[in-house]
Amino acid sequence: MYQLTQLSRVFTKGRARITALKDVDLAIADGEFLTVQGPTGHGKTTLLLLLGGLDRPSSGHVIFDGQDLGAMPESRLVDVRARNFGFVFQNYNLMPTLTAQENVEAALVPLRTRAEERRSRALAALTEVGLRERAGHFPPELSGGEQQRVAIARALVKEPRVILADEPTGNLDEVARGEIVALVEGLWQRRGMTVVVVTHDTQVARRAPRTALIDHGALTLRYNRPPTGSAPAGPGRSRPAEAS
């Protein structure tokens, strides 16, 4: 599904050049669950944005299903993004004046889905994350864990091939964190989607078969369980670290 080769992202701040990612090589298989872990400011979110076509590399390639996201015209990239990627963010990014169901429906508007179908699909997505009875509630009326479930439903309603989650448990207490991680893992197992989760939390990171460790923009791989024939090793610049 994904093939990253010699991927670098450099930002300019005044006269300074900040290297967020440097010469990253990585393969992500169709249907893989991958976590991304590392210190704050070392390139985790930058990698996720590049995978989702929300940013472009300074050099190298992000190949998604044979298409180079970094070289794609913006008009084409917008369509690829809308149809293939579901995004989940730490701060939920819900519209406070829309109900839970309306927030989920909003993800289908760019796809020109008919109103009746939007409503039925949104309700089905909320049901899948356990929030059918809260469909008519507004975000301020929901707990943090419930708001994140709405955000996950919004990502799911498009039936994307890839879920990209940036610190989805970062604002949650321990109980809600465990529930959200179990929900994401269950969706991956049932739906067979590709899931990439950025996290600071080692316990969360180790729920995936592989973790991409990013330190000062360089990436190495750690296997959290013994690799199988279905899990790609990825080219990697460095030998994967052993799980401890």
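The values are calculated or read from the model by the stated rules, or taken from the named source; none is laboratory data. Bear in mind the structure is a predicted one, so any value in this text is a computation, not a measurement. A quick note on method: Cβ atoms are made from the backbone with ideal geometry, for glycine too, and the neighbour counts reach across all protein chains shown.
Annotations for the structure displayed:
- Pairing each residue of region 66-80 that is more than 13 Å from P110 (Cβ to Cβ) and surrounded by 10 or more Cβ atoms within 10 Å (Cβ to Cβ) with any residue that is of a type in the set (K, R) and at pLDDT 95 or above, provided the two are 6+ apart or on different chains, yields C-beta distances under 7 Å for G70/R56.
- Complete set of residues in region 82-131 that are among the charged types (D, E, K, R) and at pLDDT 95 or above: E102, E105, R114, E116, E117, R118, R119, R121, E128
- Residue match in region 94-110 (condition: free of Cβ contacts under 8 Å to residues at least 40 places away in the same chain and under 21 Å from the mean Cα position of the chain (by Cα)): yes
- Search result, residues across region 144-157 that are surrounded by fewer than 20 Cβ atoms within 10 Å (Cβ to Cβ) and touching a strand residue (DSSP E or B) at 6+ places or on another chain (Cβ under 9 Å): none
For every residue, the table says whether it meets (1) at negative phi; (2) polar (S, T, N, Q).
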residue: G43; (1), (2): no, no
residue: L54; (1), (2): yes, no
residue: E74; (1), (2): yes, no
residue: N91; (1), (2): yes, yes
residue: L94; (1), (2): yes, no
residue: N103; (1), (2): yes, yes
residue: P110; (1), (2): yes, no
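- Residue in region 59-72 that is outside any helix (DSSP H, G or I), under 15 Å from P160 (Cβ atoms) and more than 15 Å from the chain's Cα centre (by Cα) present: yes
- Matching residues in region 49-58 - criterion: being part of a loop (DSSP other than H, G, I, E, B) and either among the hydrophobic types (A, V, I, L, M, F, W, C) or within 25 Å of R154 (Cα to Cα) (or both): G52, G53, L54, D55, R56
- Selection status of V129, of a type in the set (V, I, T) and closer than 27 Å to D30 by Cβ: yes
- Top-ranked residue in region 192-205 [being touching a residue at least 24 places away in the same chain (Cβ under 8 Å) and surrounded by fewer than 19 Cβ atoms within 10 Å (Cβ to Cβ); ranked as nearest to Q37 (Cα to Cα)]: H200
- Test: L164 is aliphatic (A, V, I, L, M), closer than 29 Å to V109 by Cα and at pLDDT below 95: no
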